[in-house]
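Here is the structure we will look at, set down as structure tokens.
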Amino acid sequence: MKKNAKFKDIVDCKHCGLHDICLPVSLSSADLDLFDNIIKRKTIFEKNKIIYNYGDNFKSIYAIKSGSIKTIKTDAKNTQIIGFYLPGELLGLDAISSNRHSCSAIAIETTALCEIPFAALDEMVIKIPGLGRQLIKIMSREKESDEIRMTILSHNSAKTRLARFLINLSNRFSNRSLSKKSFKISMSRIDTANYLGLALETVSRIFSTFKQDKIINIDNKIITILNGKQLYKIGQITQQ
């Protein structure tokens, strides 16, 4: 299911490029050293490998170092993608209250994770109050992500859904000090359509329309926003 391998660059939290947006952002240098001691690094999941399944016992949360993850829920008839996770984001918070995962998590591409055993983290929160506050902030951000998805799906217009999806990705990359105008979209068209509750043909057609209208450019998996004002207008969002 997973294999351990050395990251190309093994670094501690203090020197990680994602430090400013990840869990230990508010910690002092001494507290960071303590936090570093509980992290299990070197965990790499290849494309389509499962990180955890629905109903699995809760053991750890995961910080995404590189790559991307999708979370899904399944029933007898359907598989529904409910979230996408990018570098610097935490995965597995869904299980904190029930001690069991409420969804499954799958690697979209080769993905490197830092595994944080929750029992050790729980003990450390008592010793380092700032860590607990940061965890609460991240959980609040997760709640906001759920609300954003519901807002996206509440619109009947397929164009509005896709525009809001691209704007959300743009903002998340911007929060990581990356370009908000040009970014890699690692999820497939099929996954994007599933997440947005649209037919694959509809999503492909709208992507083509956005490209023809010079709202975006598409080069393989790289999306470049050419006309942000128009994209925000279609998404019915006031541009900041």
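The values are calculated or read from the model by the stated rules, or taken from the named source; none is laboratory data. For clarity, every value in this text was computed on a predicted model and none was experimentally measured. Positions of Cβ are generated from backbone atoms using ideal geometry, with glycine treated the same way; all protein chains shown enter the neighbour counts.
For the stretch 76-110, filtered to residues that are at pLDDT below 95 and among the polar types (S, T, N, Q), the residue that is farthest from I38 (Cα to Cα) is N78.
The residues on offer are N227, N217, N171, and the sole one that is touching a strand residue (DSSP E or B) at 6+ places or on another chain (Cβ under 7 Å), surrounded by fewer than 15 Cβ atoms within 10 Å (Cβ to Cβ) and farther than 21 Å from N156 by Cβ is N217. Determine, yes or no, whether F210 is within 22 Å of the chain's Cα centre (by Cα) and of a type in the set (F, W, Y). For F210, the condition - within 22 Å of the chain's Cα centre (by Cα) and of a type in the set (F, W, Y) - is not met.
Condition first: within 25 Å of I69 (Cα to Cα), in contact with a helix residue (DSSP H, G or I) (Cβ under 9 Å, 6 or more places away or on another chain) and not assigned by TED's automatic domain parsing to the domain that holds I81. Can you find one or more residues in the stretch 208-215 that meet it? Steps first, answer last, please.
As a first pass, look at the stretch 208-215 and keep what is within 25 Å of I69 (Cα to Cα): none.
Within the stretch 208-215 (the criterion being within 25 Å of I69 (Cα to Cα), in contact with a helix residue (DSSP H, G or I) (Cβ under 9 Å, 6 or more places away or on another chain) and not assigned by TED's automatic domain parsing to the domain that holds I81), the answer is no, since none of the residues qualifies.
For the stretch 180-200, the tally of residues that are touching a Ser or Thr at 6+ places or on another chain (Cβ under 6 Å) and over 17 Å from N220 (Cα atoms) stands at 1. Pairing residues of the stretch 56-83 that are assigned to a loop (DSSP other than H, G, I, E, B) with residues that are of a type in the set (G, A, S), at Cβ distances under 7 Å and at least 6 apart in sequence or on separate chains, gives F58/A95; G67/A107; G67/A112; S68/S186. With a requirement of 1 or more residues that are touching a residue at least 12 places away in the same chain (Cβ under 8 Å), within 24 Å of K47 (Cβ to Cβ) and of a type outside the set (A, V, I, L, M, F, W, C), the strands (runs of 3 or more DSSP E) lying completely within the stretch 147-240 that satisfy it span 182-184.
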